[in-house]
Amino acid sequence: MTEDNIRNMNTTALAFLGDAVYEVYVRQHVLEQEKVHVDRLHRLAVKYVRADGQARVVKRLLAEDFLTEEEQALVKRARNHKSASKPKNADPVAYKLATAFEALLGFLHLRGEKDRMEELIRFAFTVTEEKP
């Protein structure tokens, strides 16, 4: 896949990939922290993958100027993308921000920017684990 293809890819497709990538990192993170029953692991993982938690992460990334200009532009493009689907269990604004976060991870994954992607994932874990 060329750099141009990745840069111009539909943000929903990027989010589709980013969601899967993030899920793997979340599962590994939870497994490393708690060696318990699978049911408990799933419940622990939910807080990381919920739309409201991911939305909080994106807001912090933007507020703290943590993103490059290119990453910021992608997040805004993904956030503003008109979606045909409606969120089932999430506020529509939180859902759009969560999709933007996942699109960013998918974008970085496709570009092979593993270090940067993992830096953002560690940041997300920190934000998610903070007391509200």
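The values are calculated or read from the model by the stated rules, or taken from the named source; none is laboratory data. What you see is a predicted model; the values in this text were computed from it and never measured. No Cβ is skipped: glycine too gets one built from the backbone with ideal geometry, and neighbour counts run over all protein chains shown. Areas reflect the complete protein model, heavy atoms only, side chains present, ligands, DNA and RNA absent. Shrake-Rupley method; radii C 1.70, N 1.55, O 1.52, S 1.80 Å.
Of everything in the range 32-67, what is part of a helix (DSSP H, G or I), closer than 20 Å to PHE107 by Cα and open to solvent by 80 Å² or more (accessible area, probe 1.4 Å)? Give them in sequence order. Scanning the range 32-67 gives ARG56, LYS59.
Condition check for HIS29 on (1) farther than 26 Å from ASN8 by Cα; (2) open to solvent by 40 Å² or more (accessible area, probe 1.4 Å); (3) in contact (Cβ under 8 Å) with a residue 12 or more places away in the chain: one failure, at (2). Take GLU102 and decide whether it is surrounded by fewer than 17 Cβ atoms within 10 Å (Cβ to Cβ) and either touching a Leu at 6+ places or on another chain (Cβ under 6 Å) or at pLDDT 90 or above (or both). It is false that GLU102 is surrounded by fewer than 17 Cβ atoms within 10 Å (Cβ to Cβ) and either touching a Leu at 6+ places or on another chain (Cβ under 6 Å) or at pLDDT 90 or above (or both). From the set of residues in the range 3-25 that are among the β-branched types (Val, Ile, Thr) and touching a residue at least 60 places away in the same chain (Cβ under 8 Å), which is farthest from VAL49 (Cα to Cα)? Residue satisfying both the conditions and the ranking: ILE6. Looking only at the range 71-83, which residues are modelled with pLDDT of 95 or more and open to solvent by 70 Å² or more (accessible area, probe 1.4 Å)? Those that are modelled with pLDDT of 95 or more and open to solvent by 70 Å² or more (accessible area, probe 1.4 Å): LYS76, ARG77.
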